[in-house]
1. At a Förster distance of 45 Å, what's the computed FRET efficiency of E118 paired with F24, Cβ-Cβ distance as r, to 0.05?
2. Do you know the relative contact order of the stretch 22-232, to the nearest whole percent, from alpha carbon pairs under 8 angstrom that are 6+ apart?
3. Between Y225 and V125, what is the spin-label point distance in nm, taking each point 7 Å from the Cα along the Cα→C-beta axis?
4. Taking a 28 Å limit on the Cα-Cα distance, which of the listed pairs K89/K159; K117/K156; K25/K63; K89/K170; K85/K170; K25/K89 fall beyond it?
5. Roughly speaking, what is the stretch gain from A78 to W35, that is 0.36 nm per residue apart minus the C-alpha to C-alpha distance, in nm to one decimal?
6. Between V102 and I197, what length comes free when the chain is fully extended (0.36 nm per residue of separation minus the Cα-Cα distance, one decimal in nm)?
7. Which whole-Hz ³J(HN,Hα) couplings does the stretch 142-155 yield from phi under the Karplus relation 6.51 cos²θ - 1.76 cosθ + 1.60, θ = phi - 60°, glycine and proline marked x?
8. Per-residue counts of other Cβ atoms within 10 Å, averaged by peptide: what ranking do you get for 129-140, 27-38, 50-61, highest first?
Amino acid sequence: MGFFGKDQPGRGVPKAPMEKKGIFKFTEVYGRRMWQLMGLNLLYLLSIIPIVTFGPATCAMTKVARNWSQERNAFLWADFWEAFKKNFKQGFIMGLIDIIAVVGFSVAIPTYNAWAKEMPVFYAVLAVCLACCIVFFLMHFYIYMMIVSTTLSLPKIVKNAFFLVSLGVKNSLWTLLVWIVVTALVMFSFPISIFIIIFWPLSFLCFVTCFNCYPIVRKYVIQPYYDQRGEDNPEFDYLKTEGEAIFEDMGGKETPVQQEKKPKKPKRIS
């Protein structure tokens with residue numbers, strides 16, 4: 001059974017079990033952080049009470065949720081406020097843009113819809129407006145994540161987010177589906193959902209977004225940076241053992257070491 005066996009030439013037996021993937025991996029990771037995510041949800045709600053802090057608070061929640069979703073350590077209180085302060089400028093500007101965009105789309109879509117009923121030509125304008133709204137929303141799966149994960153300027157982050165929506169279209173659409181389902185559950189269970197909102201949906205959606213979309217950011221934005229510099233991505237240092245940092249497992253390429261035979265001592269008869 002050479003196909004399934006572990007004794008064929010190669011890099012040797014993996015030093016850790018194969019990781020779970022997809023929904024199984026998500027369930028395992030989320031299960032370990034569920035109670036902490038409830039605390040994150042409450043902390044986020046309290047931090048956006050002034051409204052103008054929406055952007056920096058979203059950066060902070062994204063930083064903590066990103067670390068947890070990628071099985072990296074993060075302290076709820078300390079890391080939240082550290083990310084809040086560190087990314088305040090870009091987060092604040094992006095938060096203002098979001099508030100203006102929400103108000104703009106909230107006015108434009110109903111207006112174009114009303115005009116289209118009288119003048120069908122406005123259906124084309126309405127369709128363009130809806131498309132822009134959807135793309136702008138999908139870009140947010142990547143914008144705040146890049147703010148807390150890179151040192152890029154905000155214009156470059158927004159530009160990259162636009163392209164990442166299509167580069168990671170599968171991840172983007174799956175994440176959008178989860179957002180739609182959770183939002184529908186909250187809306188249809190109102191007013192009971194008021195008590196749920198305090199502890200669950202926002203941090204859960206942020207965790208799902210980071211779990212699905214951060215690998216896209218890492219693949220197309222972060223990893224190329226280290227590749228160009230010829231450096232290893234420090235995110236993967238945890239995969240290395242102390243021995244691997246010095247020696248490389250050559251597997252089947254290794255040749256057996258010929259041990260020198262010690263000369264036999266002459267026999268003596270006593």
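Taken together, the values in this text are just the output of simple stated rules run on the coordinates, not laboratory data. Since this is a predicted model, take the numbers as computed values, not measurements. A quick note on method: Cβ atoms are made from the backbone with ideal geometry, for glycine too, and the neighbour counts reach across all protein chains shown.
1. Working: r = 53 Å, r/R0 = 1.17.
For E118 and F24, the calculated efficiency is 0.30.
2. Values: 201 pairs, mean separation 57.5, N = 211.
27 percent.
3. Between Y225 and V125, the label points sit 4.2 nm apart.
4. Values: K89/K159 18 Å; K117/K156 39 Å; K25/K63 20 Å; K89/K170 31 Å; K85/K170 33 Å; K25/K89 34 Å.
Pairs exceeding 28 Å: K117/K156; K89/K170; K85/K170; K25/K89.
5. Working: separation 43, 0.36 × 43 = 15.48 nm, distance 1.69 nm.
Extending this stretch completely gives an extra 13.8 nm.
6. 32.2 nm
7. Calculated HN-Hα couplings, in order: 10, 4, 5, 5, 6, 4, 8, 10, 9, 10, 5, 6, 4, x Hz.
8. On the way: 129-140: 16.4, 27-38: 14.6, 50-61: 20.8.
Answer by packing, highest mean first, reads 50-61, 129-140, 27-38.
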